[in-house]
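Written below as structure tokens is the structure these notes are about.
The values are calculated or read from the model by the stated rules, or taken from the named source; none is laboratory data. None of the values given here were measured: they were computed from a predicted structure. Glycine gets a Cβ as well: all are built from the backbone with ideal geometry, and neighbour counts include every protein chain shown.
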Amino acid sequence: MQDVAAIGHRIAQIESRIAQVSPPSASFDTVLGEAVVAELRTVPSTNGPYGVHGTARATGAAGGVAAVGSGKDRVDAEGVPLDLKAHGNGTIPASALSTVAGTSHSLWEPAARSLEALRSAAAGDGVTVGITDSYRTYGTQVDLVRSKGLYSQGGLAATPGTSMHGWGVAVDLQLDSTAQAWMRRNAGRFGYVENVSREPWHWQYVPTR
Ligand SMILES: [Zn+2]
């Protein structure tokens, strides 16, 4: 009976959190909140109130899959984080981004947390995954086009306003051949994909669908 009471308490907490959130994030949190409540209502009493945390998954309207408890791990069909979209590419305030632990690099929070886990796993295998670039402002992208040329014209820089670095979901990594091979074997487990040809250093975080 203690577990049932605890679950009821947790549901009340979630419902009060849903009531507190304001638009535009309300729709995402509400969808997730309902999923969490539904999840908790089906938990066997022997499982405890927090037994589902970290394993339960909720599918959002955009088709993305979010870890229960975060509510933020959602992207649109182009891979743009829903909770950052309103800020615009390359014009995201620092307060809306998250630092990758042990570095000065910033990313969308789920991408930062996942990259930390990836780098720890690599380190555990004796492999160093260095970071050379992460979130990039619109102004930096303009400078980069000047110095590296447009990708569409044989250069290495995306048109300002279209780079996934401007959404805080792409990183450029410093990888020796061992690390490059490690990334190709393991990065997918952490949601990172190598998706720009001619740029083996460029990896994008795409939440598991
Ligand atoms: Zn890149």
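Just to check your reading of the model, which residue among 111, 122, 117 is at pLDDT 95 or above, within 26 Å of residue 74 (Cα to Cα), within 16 Å of the ligand (Cβ to nearest atom) and assigned to a helix (DSSP H, G or I)?
Answer to the selection: 111.
So in the range 156-190, with the set limited to residues that are within 21 Å of the chain's Cα centre (by Cα) and more than 16 Å from the ligand (Cβ to nearest atom), which one is surrounded by the most Cβ atoms within 10 Å (Cβ to Cβ)?
If we take residues in the range 156-190 being within 21 Å of the chain's Cα centre (by Cα) and more than 16 Å from the ligand (Cβ to nearest atom), then 190 is surrounded by the most Cβ atoms within 10 Å (Cβ to Cβ).
Taking the range 112-163 on its own, how many of its residues are closer than 23 Å to residue 100 by Cβ and in contact with a Pro (Cβ under 7 Å, 6 or more places away or on another chain)?
So the count comes out to 2.
Kindly provide the set of residues from the range 191-209 that are within 13 Å of the ligand (Cβ to nearest atom) and aliphatic (A, V, I, L, M), ordered by number.
Listed by number, the residues that qualify are 193, 196.
So in the range 81-108, with the set limited to residues that are assigned to a strand (DSSP E or B) and surrounded by 19 or more Cβ atoms within 10 Å (Cβ to Cβ), which one is farthest from the ligand (Cβ to nearest atom)?
My answer is 98.
Pick from the range 191-206 the residues that are in contact (Cβ under 8 Å) with a residue 12 or more places away in the chain and under 16 Å from the mean Cα position of the chain (by Cα): which of them is nearest to residue 132 (Cα to Cα)?
Filtering the range 191-206 for residues that are in contact (Cβ under 8 Å) with a residue 12 or more places away in the chain and under 16 Å from the mean Cα position of the chain (by Cα), the one nearest to residue 132 (Cα to Cα) comes out as 202.
Please indicate, with yes or no, whether at least one residue in the range 148-170 is touching a Leu at 6+ places or on another chain (Cβ under 7 Å), among the polar types (S, T, N, Q) and over 19 Å from residue 104 (Cβ atoms).
Yes, that holds for at least one residue.
Would you pick out the residues in the range 87-131 that are polar (S, T, N, Q) and touching a residue at least 12 places away in the same chain (Cβ under 8 Å)?
Scanning the range 87-131 gives 89, 91, 98, 99, 103, 106, 114, 128.
I'm checking my understanding of the structure. Among residues of the range 132-150 that are crowded, with 16+ Cβ neighbours inside 10 Å and free of Cβ contacts under 8 Å to residues at least 24 places away in the same chain, which one is farthest from the ligand (Cβ to nearest atom)?
145
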